[in-house]
1. Sorting check: for A:30-42, A:64-76, which peptide has the highest mean count of neighbouring beta carbons within 10 Å, and how do the rest follow?
2. Across peptide A:89-101, how many C-beta atoms of other chains are within 10 Å of each residue C-beta, on average?
3. For residue A:85 and residue B:40, FRET efficiency with R0 = 35 Å and r from the beta-carbon atoms, rounded to 0.05?
4. Can you give the percent of C-alpha pairs in chain B whose distance is more than 19 Å?
5. From other protein chains only, count the Cβ atoms within 10 Å of every residue's Cβ in B:63-71, then give the mean.
6. What is the Cα coordinate range of the range B:60-107 on the first, second and third principal axes, sorted by size from largest, in whole angstrom?
7. Per residue of B:40-51, count partner chain C-beta atoms within 10 Å of its C-beta, then hand back the mean as an integer.
8. With just the Cα atoms defining each centre, how far is the range A:5-35 from the range B:1-63? Give it in Å.
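Derivation of every value follows stated rules applied to the coordinates shown; laboratory data play no part. Everything numeric here is computed off the predicted structure, so don't read it as measured data. Note that we place each Cβ from the backbone using ideal geometry, even for glycine, and neighbour counts take in every protein chain shown.
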DNA sequence: CTAGAATGATTCATAAATAGCGCATATATT
DNA sequence: AATATATGCGCTATTTATGAATCATTCTAG
């Protein structure tokens, strides 16, 4: 009926997701919050929090980041204020970068 | 007619997702990769890469991290090797933490 | 040791994400 | 300026994640 249909992921991406999940669990435990607590505050189900902490790749980044915020885990090693600052700086940087990338179809650089 | 059906997210989580999307776009542009290039390498659609770079909350963390890996964006400011090291360290830490959190109905720590 | 509670793991219906298209616009190169 | 390409953003069909309920297991407190 339903195919496993698993998608392929790089080890790096997998490790990153698993690490993030572990950090969330660690932060939650240190704050002495139960899974149910966090789920309720984040507005998601208990099972989803569990999957997030397991580092499953299918969870939406919105849910993951929201849970991370609730357990007080600093994303990008930045506090809320610093994060917003980073944002505006990144906005500036992006305006300076080219809006479109030209891939020379005639000139293919496929070196590496 | 599709309902927005938006979930509520904290500003912190939103900022983090948007920032990550911008960093991905920045890294992609600097590497002179087109959206199509990245989409093909990541095994996802062009539209999804676009949404990821816009920082939309609905994208799966697997897709986001995979794309980040492809454009060479270091997650958690760590290279693949360092990431794996972090992972094993985190595993150790988690074994030391309590496996279950006792919901202190009598005692609430809500300090932050 | 025991009881109560949190966690882990399934199942299923439903909601949502994703792919794949096509078209309009913006952009870079000549 | 012309042209070829990348990008942005609709749309629909399909795949997938999510929520809810349930049960087994592990843990903590007494």
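1. Working: A:30-42: 18.1, A:64-76: 22.2.
Going from most to least packed, we get A:64-76, A:30-42.
2. On the way: counts 2, 8, 3, 0, 5, 6, 0, 1, 5, 3, 1, 3, 11.
Per residue, the number of nearby Cβ atoms from other chains is 4 on average.
3. Numbers: r = 35 Å, r/R0 = 0.99.
Plugging the Cβ-Cβ distance into 1/(1 + (r/R0)^6) gives 0.50.
4. Numbers: 3730 of 6216 pairs.
In whole percent, the long-distance tail amounts to 60.
5. Values: counts 7, 7, 11, 10, 1, 4, 8, 3, 0.
Across the residues of B:63-71, the mean count of other-chain Cβ atoms within 10 Å is 6.
6. Taking the Cα atoms of the range B:60-107, the three principal extents are 49, 24, 14 Å.
7. Numbers: counts 0, 1, 5, 3, 1, 0, 0, 0, 0, 0, 0, 0.
Across the residues of B:40-51, the mean count of other-chain Cβ atoms within 10 Å is 1.
8. First find each Cα centre; the distance between them is then 19 Å.
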